[in-house]
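Structure first, then comments.
A short reminder: the numbers here are calculations on the coordinates, not readings from a lab. Keep in mind the model is a prediction, meaning the values are calculated, not measured. Cβ coordinates were reconstructed from backbone atoms using ideal geometry, including for glycine residues, and neighbour counts include every protein chain displayed.
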Amino acid sequence: MGERSPLDTMHAQMERAREYVALDDDTFERLKAPERTLKVSCPVEMDDGHVETFEAYRCQFDGARGPYKGGIRYHPAVSAAEVEALAGWMTWKTATVGLPFGGAKGGVVCDPRDFSEREREALTRRYTEGIRRLIGPDVDIPAPDVNTDPQTMAWVMDTYSTYQGHAVPEVVTGKPLAAGGTVGRVEATGRGVSIVTQRALDYVAKPVEGADVAIQGFGNVGSVTASYLDRAGANVVAVSDVTGGRHDPEGLDVEALRTHVATEDTLAGYDAATEVTNDDLLTMDCDVLIPAAIENVITADVADRLEADLVVEAANGPTTHVADDVLIERGVPVVPDILANAGGVIVSYLEWVQNSQQYSWSLEEVNADLRERLTEAFETTVETAEEEGTPNLRTAAYTTALQRTARAHEVRGRFP
Ligand code: NAD
């Protein structure tokens, strides 16, 4: 069987959890269908004077548990089906970690690498105008995703606020501090991955101290994860980016690598360690493999050859559904993305709460709240796996997420 589309993958993940959740067929079918997907055209005047019209989407997948929440992605591969799958994953992620949010996602079909700053701003403002009828601080709250950043969120906030006639910082999260962002948001996902990895090592009865860790992707999430795990005593033996990887069985100098990438924007040119390919990294003998780059990198073939004792999914959707079957068969535990990388949306929630209360918290308060929520979600997932006998932790997380979302639908009832 070949690999599937993201939406098929998500439906297959839901199907696998279905037998552990008390769900009737009608409710299950309802949970599989996105509530709405808005398609908008965004005409933008480019620097050379011509007008380019970009196709864009915002999907609100399920809002039973609270306002819709999810990022905005700028990428050539964006499609309605991809945005719907990503919005579904946000729904299960917010439910797994118990945030009072539903799930959403937005995307613009574009290749932003060649955009000037002005073109990026113009596209962001035009896209925000297109989706402003759908979003709002109590309705649907966007955040950054692939190729969008705090500056992008500041433009979304400004455009939305201009239409409202007053500042509405709580319409987006992941904003710069100067526009109402929260301390701790930039590092939140990597910090969360590091917290979850330490719990997961404990779960497989291995000490963090000296554990060999390989991380694919050395961007925001991968580099912050590497830094925290290094400080916790783990041995970060390999990291990579799109140009390839570096390996040192004695442990890499993570801070030197971060400094190199901060100045060069790539691992290329770092010569204080041995070069490896991304395939070498994914299949290397180590205690923990952390995919923190892009989706579908752990294919069935990679899963067959993988030698790590534990996989922690920092990226969204790094393991294909067929590869999941192989890892279940081989007994390799996988901490699923909807749990492992939920630190970002947890701190987004804390940013939204602070904005709504017009009050700011200290970094210590934000980090303590993040740790508590993630730890509790991890323990609940492990308990569900043990009590229900689910084949893997992903199915356990889905079981909790589907149960919580279905329960919200049940008590709210059906209209009309
Ligand atoms: P980023 O753009 O900062 O970094 C991505 C890294 O992956 C870069 O080092 C890049 O070179 C590398 N990469 C890209 N293509 C690759 C390839 N084909 N092979 C190997 N490496 C490749 O992105 P990020 O914010 O660190 O996000 C990484 C992953 O984490 C994505 O899947 C994203 O959806 C997920 N995620 C991010 C956040 C967040 O808060 N940033 C939250 C949840 C999930």
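Before moving on, here are some points about what is shown:
- Calculated mean residue ellipticity at 222 nm for the chain: -15000 deg cm²/dmol, from DSSP H runs with n ≥ 4 weighted as -39500 (n - 2.57), summed, divided by the residue count and rounded to 500.
- Screening the chain for whole DSSP H helices with an alpha carbon extent of at least 20 angstrom along the helix axis and a mean Kyte-Doolittle hydropathy of at least -1.0 yields 80-96, 150-164, 185-203, 343-357, 363-388, 393-412.
- A simple charge model with +1 on the Cβ of Lys and Arg, -1 on the Cβ of Asp and Glu and nothing else charged puts the dipole of the chain at about 1740 debye relative to its Cα centre.
- Packing here is the average count of other Cβ atoms within 10 Å per residue, and on that basis the peptides 346-352, 176-182, highest first, run 346-352, 176-182.
- Placing dummy labels 7 Å off each Cα toward the beta-carbon, the span from Met46 to Ser5 is 2.8 nm.
- Sites Asp301 and Ala272, calculated FRET efficiency, Cβ-Cβ separation with R0 41 Å, nearest 0.05: 0.85
- Each principal axis of the Cα atoms in segment 34-168 has its own extent, and those three values, largest first, are 47, 35, 22 angstrom.
- Coil-residue GluC sites (Glu not before Pro) of segment 122-218, DSSP, other Cβ within 10 Å capped at 10: Glu209
- Set of lysines near Lys32 by C-alpha distance (under 25 Å), chain-local residues within fewer than 8 positions excluded: Lys69, Lys93, Lys105
- Order by protection proxy (mean Cβ within 10 Å, highest first), peptides 221-234, 358-371: 221-234, 358-371
- Rounded Å value of the spacing that divides the Cα centres of segment 12-29 and segment 254-301: 37
- Aspartates and glutamates with Cα under 14 Å of Lys206, excluding same-chain neighbours fewer than 8 positions away: Asp287, Asp309
- If R0 is taken as 35 Å, the Cβ-Cβ distance between Thr162 and Arg412 corresponds to a FRET efficiency of 0.55.
- If you model the chain as an ellipsoid using its alpha carbon gyration tensor, with each semi-axis the square root of five times an eigenvalue, the axes come out at 31, 27, 21 Å, biggest first.
- The H on the amide N of Ile215, modeled in the peptide plane, is under 5 Å from the matching H of Ala238, Val239, Ser240, Ile290, each at least 5 residues off or on a different chain.
- DSSP bridge analysis restricted to segment 34-168 gives an antiparallel fraction near 65%, rounded to the nearest 5.
- Counting DSSP beta bridges with both ends in the chain, the antiparallel % (nearest 5): 50
- Magnitude of the charge dipole for segment 231-364, about its Cα centre and with charges confined to Cβ atoms of Lys, Arg (+1) and Asp, Glu (-1), is about 460 debye.
- Our Cα-only numbers for segment 186-340 put the radius of gyration and Dmax at 13.9, 43 Å.
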